[in-house]
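Quick note: the coordinates plus some simple rules give every number you see, no bench work behind them. A quick note: this is a predicted structure, and the numbers were derived from the prediction, not measured. Ideal geometry is used to build each Cβ from the backbone, glycine not excepted, and the neighbour counts take in all protein chains shown.
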Amino acid sequence: MKHNSPHIPDVEGDRLEVLYEDKKPPYDDAEAIAEANRCLYCVDAPCIKACPTAIDIPTFIRKIGTGNVKGAARTILTQNLLGKSCGQVCPVEVLCAGACVYNDWSRDPIKIGRLQRYAVEKAIAEDPQLFAPKPSTGKRIALVGAGPASIAAAGWLALEGHAAAIYEKKFLPGGLNTLGIAPYKMKVEEALQEVTWVLSLGNVELYEGVEIVAVSGSPDEVSASALLDQYDAVFLGLGLGPDSRLKIPGEDGGGVVGATHLIERLKADPTLRFKGVDRVVVVGGGNTAVDIAHELALLGIDTTMVYRGGDHEMSAYEHELASGKVDGMKVLCERQPVAVLRDNVGKVIGVRVVRTEDKKPVPGAEEDLKADMVVVAVGQSRMTEVARSFPGVELDMRGRVIVDPKTGRTGNPKVWSAGDCVNGGKEVVNAVAEAKIAVTSMHAFLTGGA
């Protein structure tokens, strides 16, 4: 199915996502100007260095303070085409705001993310035509996957005058931004509105419900060789695959679900309800585990995160853990699940865990945790089959696409890649930064460079 503007789902439906309030609501004009006027406009601004996309943060904040919101948005979007969503979903506490000099004085850092969201939202609402594409080059690029890396890359390619065609297996574009972001940070319709705006920047087409395979055998499949033959270049923005499994007894069957799959349903599936689910155990210690545990806790479900290491060993951000705990999420460290417990009809009734020391089980130190559902958040598989269908594209030992970090180019001279399939699963802002590197190299290649 081809779209030049994606379908925006009916937000008035019964999706559970609509129940969540915005944790960082948008500023009004007075709030934005007041916050902008707190900025010291540092010459050697540490916030710029902390931003993976190197946005000139003091400059865009100064423009907000002087009423030049359009100029502020252009400053942001020139470096980061997904500046609106990144203003909402970036972990600013450990990036730009975390580097703000106010932290050294025990004062609240500038609310950079909220200012960024304000500038981009307001400017696009007033005038979506913030940029004009260059004349057509006649070059065509296929982008595989419609996640943040591909969306950003397609927009920049279109502005350079190239034609971009995005192929997405699912029927909603946006990847992580649309289907994986905690609903108290950003809703589905907000992500799709940003995608719609990027598609408007130039000659960008979107093919939804199309899978890229080694050898096509149905109308909703396109072969990798066909893309290489029909396009001047290919960009792989594959993201990550399905949730990994625990591989313990009792895991198979109803009541055990992957975290990213559940988050996607919570955001986009109007049929999802948690009837009869009063207690949930979430297995994992990363940001995805925290997100789903926090989301379930906000719905009033007794939710406990179980992690095999100590709390200091969790990869989850401290500020996200703290926020989740405030909202009722529980955390049980140094526990490793060894079995999912079910009753005589197969219904989940709990999880058997063993106490750990240095992430190693302590013999005999077992206990049973009551649960009606188990959510597994221990990582995701890689999209290795799709990547390997392109000749010359190589993967490392962890299944990540190997690229030249200076160009984003793979072992196939016509193929570039960026985002989670390259970095293993970082932030949206990292995907955008890598996409820009790849687009710079692709543009040079398409216009006669190496």
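Please give the length that would be gained between residue 426 and residue 189 if that part of the chain were fully extended, namely 0.36 nm times their separation in residues minus their C-alpha to C-alpha distance (nm, one decimal). Don't skip to the end; give the middle numbers.
Numbers: separation 237, 0.36 × 237 = 85.32 nm, distance 2.27 nm.
Stretched out fully, the residue 426 to residue 189 stretch lengthens by 83.0 nm.
Round to the nearest 10 and give me the degree value, 0 to 90, for the angle of helix 428-446's Cα axis relative to the longest principal axis of the chain.
Rounded to the nearest ten degrees, it is 40.
Treating only the Cβ atoms of Lys and Arg (+1) and Asp and Glu (-1) as charged, compute the dipole magnitude of the chain about its Cα centre; round to the nearest 20 debye. Working shown, then result.
Values: 50 positive and 59 negative charges, 146 e Å.
Rounded to the nearest 20 debye, it is 700 debye.
Once the other residues with Cβ under 14 Å from the Cβ of residue 428 are scored (Lys, Arg +1; Asp, Glu -1), what is the net sum?
Values: positive: 84, 117, 185, 426, 436; negative: 190, 194, 291, 420, 427, 434.
With Lys, Arg at +1 and Asp, Glu at -1, the neighbours total -1.
Where does the charge balance sit around residue 184 when Lys and Arg score +1, Asp and Glu -1, over other residues with C-beta under 10 Å from its C-beta? Before the final figure, lay out each step's value.
Details: positive: 23, 24, 185, 187; negative: 17, 21, 22, 291, 295, 327.
Net charge in that neighbourhood comes out at -2.
If I fit a long axis through the Cα atoms of helix 287-298 and take the longest principal axis of the Cα atoms of the chain, what angle between them do I get, 0 to 90°, rounded to 10?
So the helix axis and the longest Cα principal axis differ by about 70 degrees.
For a Förster distance of 51 Å, can you work out the FRET efficiency between the beta-carbons of residue 24 and residue 278, rounded to the nearest 0.05? Can you show the working numbers first?
Numbers: r = 30 Å, r/R0 = 0.58.
Efficiency computed from Cβ-Cβ geometry: 0.95.
Please state the Cα pair-distance histogram of the chain with 20 angstrom bins from zero: what percent is in each bin?
Pairs per bin, as whole percents: 24, 55, 21, 0.
Please compute the net charge surrounding residue 402, taking Lys and Arg as +1 and Asp and Glu as -1 over other residues with Cβ under 14 Å from its Cβ.
Net charge in that neighbourhood comes out at +2.
For residue 59 and residue 404, calculate 0.36 nm times their separation in residues minus their Cα-Cα distance, and state this gained length in nm to one decimal.
Difference between extended and current length: 121.1 nm.
In degrees, nearest 10, range 0 to 90: what is the angle between the Cα axis of helix 148-159 and the longest Cα principal axis of the chain?
Helix 148-159 sits roughly 10 degrees off the main axis of the chain.
Given the convex hull over the Cα atoms of the stretch 62-147, what projected area results after averaging over all orientations, in nm²? Before the final figure, lay out each step's value.
Numbers: hull surface 30.6 nm².
One quarter of the hull surface, i.e. the mean projection, equals 7.7 nm².
By how many nm would the segment from residue 349 to residue 134 grow when fully extended, if each residue of separation counts as 0.36 nm and the alpha-carbon distance is taken off? Write out the running numbers ahead of the final one.
Details: separation 215, 0.36 × 215 = 77.40 nm, distance 6.04 nm.
Contour length minus Cα-Cα distance gives 71.4 nm.
Tell me, what is the FRET efficiency for residue 326 and residue 94 to the nearest 0.05, using R0 = 30 angstrom and their Cβ-Cβ distance as r?
Details: r = 18 Å, r/R0 = 0.61.
Taking R0 as 30 Å, the efficiency between residue 326 and residue 94 is 0.95.
Would you mind checking the stretch 280-304 for residues with the amide N under 13 Å from a putative spin-label position 7 Å along Cα→C-beta of residue 271?
Under cut-off, by backbone N: nothing.
When the Karplus curve 6.51 cos²θ - 1.76 cosθ + 1.60 is applied with θ = phi - 60°, which whole-Hz ³J(HN,Hα) does each residue of the stretch 396-403 get, with x for Gly and Pro?
Rounded to whole hertz, the list is 7, 5, 9, x, 8, 5, 8, 10.
Per residue, how much space in cubic angstrom lies within the convex hull of the C-alpha atoms of the stretch 295-372? Could you put the intermediate results ahead of the total?
On the way: hull volume 7.3 nm³, N = 78.
Once divided by residue count, the hull of the stretch 295-372 is 93 Å³.
Go ahead and run the numbers for FRET between residue 126 and residue 103, Cβ-Cβ distance against an R0 of 22 Å, rounding to 0.05.
Values: r = 33 Å, r/R0 = 1.51.
Once the sixth-power term is evaluated, E becomes 0.10.
Compute the convex hull volume of the Cα atoms of the stretch 201-263, divide it by the residue count, and report the result per residue in Å³ as a whole number.
On the way: hull volume 10.6 nm³, N = 63.
Each residue corresponds to 168 Å³ of Cα convex hull volume.
Report the trypsin sites (Lys or Arg not before Pro) located in the stretch 215-321 that are in a DSSP loop and have at most 13 other Cβ atoms inside 10 Å of their Cβ, or state none.
On the way: sites: 245, 247, 265, 267, 273, 275, 279, 308; in loops: 245, 247, 273, 275, 308.
Of the trypsin sites (Lys or Arg not before Pro), the ones in loops of the stretch 215-321 whose Cβ has at most 13 other Cβ atoms within 10 Å are 247, 273, 275.
If you average the alpha carbon positions of the stretch 345-413 and of the stretch 127-176, how far apart do those two centres end up, in angstrom?
Using only Cα atoms, the two centres lie 30 Å from each other.
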